[in-house]
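Here the structure comes first, spelled out in structure tokens, and everything after it is commentary.
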Amino acid sequence: MKRLLLLPVLAFTAIAADAPRALPAGSLPDDVRLQPLKDLDGYFPWSPPESGAAWKVRAEQVRMQLRVSLGIFPEPTRTPLNAVIHGKVVRDGFTVERVYFEAMPGFFVSGSLFRPEKPGKYPGVLCPHGHWNDGRFYRNAEGNVKAEIAKGAEASLANGSAPLQARCATLARMGCVVFHYDMIGYADSQQISFETAHKFGKQSATTAGGLFTPQAESLAQSILGLQEWSSIRALDFLETLPDVDRTRLACTGASGGGTQTFLLAALDPRLAAAFPAVMVGTAMQGGCTCENASLLRVGTGNIELAALFAPKPLGMTTADDWTKEMPTKGFPDLAKHWASLGAAKKVQLFPHPEFPHNYNRVSRMAMYGFFNEHLRLGKTQIDEPEFVPLSREELTVWDAAHPAPKGGAEFEQQLCKWWVDDARKHVTMEQTQAAVETIFHRTLAGEKAAMDHSTLKKSVRGDWVMMQAVIENAARHEAIPALFFHPKKWNGHTVLWLTAKGKNGLVNGGEPTEEVQRLVAGGVSVVGVDMLMQGEFLPDGQSDTPTRRVKNPREAACYTHGYNDSLFTQRVHDVLSALAFIRDHQEHKSKTVSLVALDETAPIAITARALSGVAVKNTAIDLSDFRFENVADLRSPYFQPAIAKYGDLPAILLLGKGALWKTEDGKRVSDWLLAQ
């Protein structure tokens with residue numbers, strides 16, 4: 001059971017000019033959130049749930065988190081693909097055609113379609129390429145290939161010079177229809193540049209209204225979201241082909257292509273098998289901006305994301321990279337997970353620590369055997385015969401008859417606008433509620449509280465009592481300095497009052513503010529708290545702006561907010577913990593709970609109210625024109641990923657229950673609260 005405890009406080013004699021401290025001067029709350037932020041290079045272990053029922057609940061939570069973080073909840077409209085297939089090239093045992101289609105209106109996916117030379121009904125395999133130079137056009141230098149042949153990584157100059165094509169050609173010869181498609185910014189996909197999509201360094205913003213801006217982050221728009229939606233539409237494309245067996249769809253890619261593979265496997269139930277190579281592990285989670293999105297890995301990691309594909313067939317490889325510890329860290333948990341679902345033989349790891357990061361012939365051979373078994377290809381002997389690689393001119397989809405589409409900053413803005421406009425046409429209030437609960441991943445109903453009476457310290461002030469305390473959410477290791485003004489003749493009504501100064505905002509000139517005094521005189525208990533990075537969370541002279549970011553030099557929001565809650569989210573959590581304490585206080589059980597925020601903390605109160613069900617009867621707020629979409633600084637305390645997509649603050653306000661008072665109502669808030 002989650003417990004909220006009231007911890008010991010300092011001895012206290014009189015109210016000072018500022019609100020009394022709950023902790024000794026110079027000390028900070030014992031709160032896990034003050035520890036260093038989690039980074040993509042951290043440690044991400046996973047333990048399978050103890051029961052199938054528990055996993056069913058958890059799996060749906062994580063899938064929902066994926067959908068929201070990638071900007072595909074609700075799904076974008078599946079507009080017509082308008083697919084074009086042209087320029088067939090015939091090779092020994094297979095053909096290759098040029099393909100492009102629209103994943104979103106005006107946004108094109110381009111690639112190469114490898115098919116067996118004989119007519120038939122075949123499995124369809126997606127091949128995202130990963131971060132090889134030029135992607136689908138990649139060619140390895142002859143000297144490099146000879147060195148790899150000497151090490152046993154490759155077997156021929158032809159295949160080793162074009163290993164991405166070799167994978168597709170061999171699968172086609174084995175009896176698969178293979179779509180090898182471009183990552184954004186690679187090969188023929190140039191509507192959004194490589195510098196925008198995959199830049200590793202400074203990337204706090206691009207063009208106003210475009211990707212990587214605070215606005216885009218608040219709308220859950222990211223390169224990774226676009227890539228995964230492109231993969232989903234690529235499955236749509238494969239399903240349209242008359243020679244594809246829809247019951248046997250698969251995906252395989254390495255490195256960044258491995259990230260695309262296991263995320264698609266987690267998201268799309270149509271896949272029958274998946275083989276993410278040299279990517280899944282408990283260490284580095286994905287270094288590129290195209291592998292990260294705000295909210296994506298908060299409370300989870302690649303091992304659990306891969307586990308979402310169970311009990312379907314999942315194959316993986318390792319190398320002398322961040323995956324090298326998988327045999328002892330990560331894979332045993334996945335093996336246990338698949339076994340618990342009765343599918344122990346359907347998850348396999350092929351460790352090859354003798355090679356650096358790769359999708360070489362040794363790894364490809366493992367994949368061929370895995371797909372041969374699980375896609376029922378019926379091959380008794382697996383090999384990768386030589387082939388004649390296609391040139392860039394034979395692969396490119398754009399020519400005089402098929403001109404490349406327009407791209408650039410204006411296109412990026414138009415794409416982002418369509419993305420959010422489409423969502424807002426269709427999103428329901430039920431979906432908004434589900435999204436808000438996913439983004440903040442807590443509700444008041446899920447927080448439980450208890451109180452240790454023996455540690456309570458009081459200062460009697462006539463007909464009321466002042467109490468200093470730390471509200472501790474022990475289960476989550478979070479601690480909130482608090483100040484209580486409690487009347488001796490209490491009527492059962494408690495007000496949690498938020499201010500931009502924390503609990504200090506309830507004190508003026510050494511005494512409770514006039515409004516607090518009026519409430520206490522009327523029999524109402526008033527509680528003030530220091531939310532995270534307020535009051536006692538801040539050493540003297542420090543501010544909550546700018547908010548913290550991870551230490552690595554990457555500046556895109558996804559590197560911090562893909563692994564850590566925003567400060568805004570954490571402050572909402574503090575309000576839920578404080579409300580849970582007030583609600584569940586055994587000695588002073590509140591009959592009525594009210595929430596007040598008459599300054600810039602109003603968005604926090606509005607959001608907490610939406611997550612509190614009917615527990616908060618009355619809410620008083622300053623209903624300003626604040627909108628999350630208008631926050632212009634990624635390091636603002638009010639920056640919040642994804643939330644603006646769902647109607648922004650007005651929609652969140654509609655989710656709340658109970659009576660609502662606004663500053664423009666023209667009354668004193670104390671009068672309104674006392675009348676409730």
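The values are calculated or read from the model by the stated rules, or taken from the named source; none is laboratory data. Quantities reported herein were computed from a predicted structural model and do not represent experimental measurements. Note: ideal-geometry Cβ built from the backbone for every residue, glycine included; neighbour counts use all protein chains shown.
Of everything in segment 235-257 that is in contact (Cβ under 8 Å) with a residue 60 or more places away in the chain and more than 22 Å from Tyr100 (Cα to Cα), the residue that is surrounded by the most Cβ atoms within 10 Å (Cβ to Cβ) is Ala254. Count of segment 258-278 residues, restricted to those that are closer than 19 Å to His374 by Cβ, in a loop (DSSP other than H, G, I, E, B) and touching a helix residue (DSSP H, G or I) at 6+ places or on another chain (Cβ under 9 Å), is 2. Residue pairs whose Cβ atoms lie under 9 Å apart, separated by 6 or more positions or on different chains, with the first residue in segment 200-228 and more than 22 Å from Pro553 (Cβ to Cβ) and at pLDDT 95 or above and the second buried (at least 24 other Cβ atoms within 10 Å of the Cβ) and among the basic types (Lys, Arg), are Ser218/Lys645; Leu219/Lys645; Ala220/Lys645; Gln221/Lys645. Counting only residues that are surrounded by fewer than 18 Cβ atoms within 10 Å (Cβ to Cβ) and outside any loop (DSSP other than H, G, I, E, B), segment 328-349 holds 8 of them.
Mind listing just one residue for me: the one in segment 157-193 that is assigned to a loop (DSSP other than H, G, I, E, B) and of a type in the set (Val, Ile, Thr) and, of those, farthest from Leu113 (Cα to Cα)?
Top of the filtered list is Ile192.
Only one of the listed residues (Glu373, Glu384) is charged (D, E, K, R) and out of contact with any Lys or Arg (no Cβ under 8 Å at 6 or more places or on another chain). That residue is Glu373. Looking across Arg571, Arg548, one residue alone is assigned by TED's automatic domain parsing to the domain that holds Leu498, surrounded by 19 or more Cβ atoms within 10 Å (Cβ to Cβ) and basic (Lys, Arg). It is Arg571. Hey, does segment 396-403 have a residue that's buried (at least 17 other Cβ atoms within 10 Å of the Cβ), modelled with pLDDT of 95 or more and within 30 Å of Glu154 (Cβ to Cβ)? Yes: segment 396-403 contains one or more residues that are buried (at least 17 other Cβ atoms within 10 Å of the Cβ), modelled with pLDDT of 95 or more and within 30 Å of Glu154 (Cβ to Cβ).
Pick from segment 335-348 the residues that are under 26 Å from the mean Cα position of the chain (by Cα) and free of Cβ contacts under 8 Å to residues at least 40 places away in the same chain: which of them is nearest to Thr252 (Cα to Cα)? Selected residue: Val347.
Where strands (runs of 3 or more DSSP E) sit wholly within segment 573-676, those with at least 2 residues that are hydroxyl-bearing (Ser, Thr, Tyr) occupy 592-597. Considering the conditions (1) touching a Lys or Arg at 6+ places or on another chain (Cβ under 8 Å); (2) surrounded by fewer than 24 Cβ atoms within 10 Å (Cβ to Cβ); (3) more than 30 Å from Leu40 (Cβ to Cβ); (4) modelled with pLDDT of 95 or more, Leu576 is excluded by exactly one of them, (3). State all residues of segment 511-545 that are among the acidic types (Asp, Glu) and loosely packed, with under 15 Cβ neighbours inside 10 Å; if no residue qualifies, say none. Selection gives Glu511, Glu514, Asp540.
The single condition among (1) in contact (Cβ under 8 Å) with a residue 12 or more places away in the chain; (2) of a type outside the set (D, E, K, R); (3) over 18 Å from Ala277 (Cβ atoms) that Ile149 does not meet is (1).
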